[in-house]
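Participant: Structure provided below as structure tokens; questions to follow.
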Amino acid sequence: MRDAVHAAVHPAHAIRAVHAEWTKLRTLPSTWWLIVVTVALTVALGAAATASLSAAPCPDAGGCREDTVKLALTGVWLGQSAVVVLAVLAMSGEYVTGTIRTSLTALPNRLRLLAAKAAVVTAAAVAAGTLGVAGSLVAGRFALPTDGFDPLPLDEGATLRAAVGTVLYLALIALLSLGVAAALRDTAAAVTCVLTLLYAFPILAGLLSDPDWEERARRFGPATAGMAIQATRDLDQLPIAPWPGLAVLAAYAVVALGVGGALLRARDA
């Protein structure tokens, strides 16, 4: 509490901390490569999934009920892995190089340091997500077969919600990853932990034979719940509604940051 009050009383210190973290992040070559990879994977997989649609299984020419917006954004399933690595490196990279001691000497307030890192990795994730989502929707509109499918609705409210929600999804993935990295301090362990958390629930849901347990796995998994924000059709059939699903992911991110922040304060650099 005292750290939070101290940070609020000295906003200039907070601004300097964010500027310092941004300087460190943008001067790493891996940062820009990971942003490019995030955008490329998101757009490429979404365009491929949309182009692969066929109207053959549809009952009639106008009977295709595929959620084309969600399909165009499906590339986030891969793009998020690059966001995970970017956010983890923002914290664990300093432990690898030993520069964490210098950072803590310059900024002894550890929670302010974590908050500054959270601000810059969120900004990077939002930038990559915005480019990836916009590119996916545009590419999906051109890649979508015209036979049996309506044009991808770029100007509808549901599409806007799915687009904005997907960008927020990637921002929350970055915060979750940062919190885990602060707790574990090791790059490989943190990346493995987060990716397992993201991809294990969908695999588990597919293996469960009990429909009730399958629904629970999809409802409470961070990725499966968060991805509900992309749905624009048949929302009543989802295991969890779009915004509550994103709230589940936000809860994971808050817990990870809380644990990471507590451990960062409690132990030596």
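Participant: Sort Phe220, Phe142, Phe201 so the one with the fewest other Cβ atoms within 10 Å of its own Cβ comes first. Before the final figure, lay out the partial values.
Facilitator: On the way: Phe220 16, Phe142 11, Phe201 20.
Least crowded to most crowded, the residues run Phe142, Phe220, Phe201.
Participant: Separate question: What do you get for the angle between helix 157-184 and the principal long axis of the chain? Use alpha-carbon atoms, 0 to 90 degrees, nearest ten.
Facilitator: Result, in degrees: 40.
Participant: Using only Cα atoms and rounding to the nearest 10 degrees, what angle (0 to 90) does helix 76-97 make with the longest principal axis of the chain?
Facilitator: The two axes meet at around 10 degrees.
Participant: Hey, another quick one. Find the relative contact order for the range 161-269 and round it to a whole percent, using C-alpha pairs within less than 8 Å whose residues are 6+ positions apart.
Facilitator: 37
Participant: Modelled label-to-label distance, Arg216 and Thr23, 7 Å Cα→beta-carbon offset: nm?
Facilitator: With each label point 7 Å from Cα toward Cβ, the separation is 5.1 nm.
Participant: What angle, in degrees between 0 and 90 and rounded to the nearest 10, separates the Cα long axis of helix 29-51 from the longest principal axis of the Cα atoms of the chain?
Facilitator: 10
Participant: According to the square roots a ≥ b ≥ c of the eigenvalues of the Cα gyration tensor, what is the shape class of the range 154-228, taking rounded for a/c under 1.5, prolate for a/b larger than b/c otherwise, and oblate for the remainder? Write down the numbers at each step before the final one.
Facilitator: Values: a/c = 3.19, a/b = 1.13, b/c = 2.83.
It comes out oblate by the Cα gyration axes.
Participant: Over the chain, with a Gaussian network built from C-alpha contacts below 10 Å, which listed residue (Val138, Val180, Val126) shows the highest mean-square fluctuation?
Facilitator: Per the Cα network of the chain with a 10 Å cutoff, Val138 tops the list.
Participant: Moving on. Cβ under 13 Å from Ala90's Cβ, Ala90 left aside: what net charge do those residues give with Lys, Arg +1 and Asp, Glu -1?
Facilitator: +2
Participant: Which entry in (i) 1.15; (ii) 1.09; (iii) 0.96 matches Cα Rg over 2.2 N^0.38 Å derived from the coordinates of this structure?
Facilitator: It is the value labelled (ii).
We did not get these values from a lab; they are worked out from the coordinates using the rules stated. Note that the structure is predicted; figures quoted are calculated from it, not measured. Note that each Cβ is placed from the backbone with ideal geometry, even for glycine, and that neighbours are counted across all protein chains shown.
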